[in-house]
Amino acid sequence: MTTYHVRAAGEEDVEAVLALRRHAEEWLKAAGIEQWTKSAYGARVIEGWIGAGSTFVVSTDDGEIIGSLSLDKGDPDFWTPEELKVPALYLYKFIIRSDHRGSGLGDVLLDWSGYRTELVGDLWLRLDCWRDNAGLHKYYLDRGFQHLTTRTHPVRMSGALFERPAELRLATQATTANLIDHTLSGETFPPLGVAR
């Protein structure tokens, strides 16, 4: 079993998270997926989320950062004012370096994101993703998300809206990823006594 660590990102992590973003851009391009092509815009967004304390990094035992995600409020470009009143936390820029995929780490991090959502008193984990990336839609549907609707925006290609209950836990004991949560004093996630 591989052990990973999650913690809040700081200013010292900006370059590592931007490198993950560039890695994801290259991987998507090689896969023939037109997504995340505006590097400068993506970098500004990531820097803003890190500065706001909304981004978390995932590292190996030796401290190498291999993943990141952000949890923040909803994007009013896609969610209506009424939808934004729903008690929800929103997942953004969920990146796992390609050589660490397949271990179940993504499933564990989605469960962890739901747990973080519950900790702040919200009921739903939501996201918006690229409208025409059917493979990504299937990924989230297979992990308990429901597709709510797809909306268009004049200059942005995101807009496929998904949500799942924050309390949902789908990672299984069969996963080979073990997560240590340094936002909670270095506890193993899920916490002892909480079924995985």
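Bear in mind these aren't lab numbers, they're just calculated from the coordinates by the rules spelled out. These numbers come from a predicted model, not from an experiment. Every residue, glycine among them, receives a Cβ derived from its backbone with ideal geometry; neighbour counts consider all protein chains shown.
At full extension, residue 148 and residue 185 could sit 9.8 nm farther apart than now, given 0.36 nm per residue minus the alpha carbon distance. A quarter of the convex hull surface defined by the alpha-carbon atoms of the chain gives 10.7 nm² as the mean projection. With the highest mean first, a sort of the peptides 162-169, 103-110 on other beta-carbon atoms found within 10 angstrom per residue produces 103-110, 162-169.
Projecting the Cα atoms of 60, 168, 2 onto the dipole axis of the chain, where Lys and Arg carry +1 and Asp and Glu carry -1 at the beta carbon, places 168 farthest toward the positive end. Using the Cβ-Cβ distance between residue 167 and residue 72 with R0 = 22 Å, the FRET efficiency computed as 1/(1 + (r/R0)^6) comes to roughly 0.65.
For the chain, the mean residue ellipticity at 222 nm estimated from helices alone is -9000 deg cm²/dmol, where every DSSP H run of n ≥ 4 contributes -39500 (n - 2.57) and the total is divided by all residues, rounded to the nearest 500.
Of all DSSP beta bridges in the stretch 2-184, what percent run antiparallel (nearest 5)?
Working: 26 of 35 bridges.
Of all bridge pairs located within the stretch 2-184, approximately 75 percent are antiparallel.
Sorted on the mean count of surrounding Cβ atoms within 10 Å across their residues, most packed first, peptides 54-64, 87-97 read 87-97, 54-64.
With the simple model of a label 7 Å out from the Cα in the direction of the Cβ, residue 139 to residue 15 spans 2.7 nm.
Between residue 178 and residue 86, what length in nm is gained on full extension when 0.36 nm per residue of separation is reduced by their alpha carbon distance?
Full extension from residue 178 to residue 86 adds 30.0 nm.
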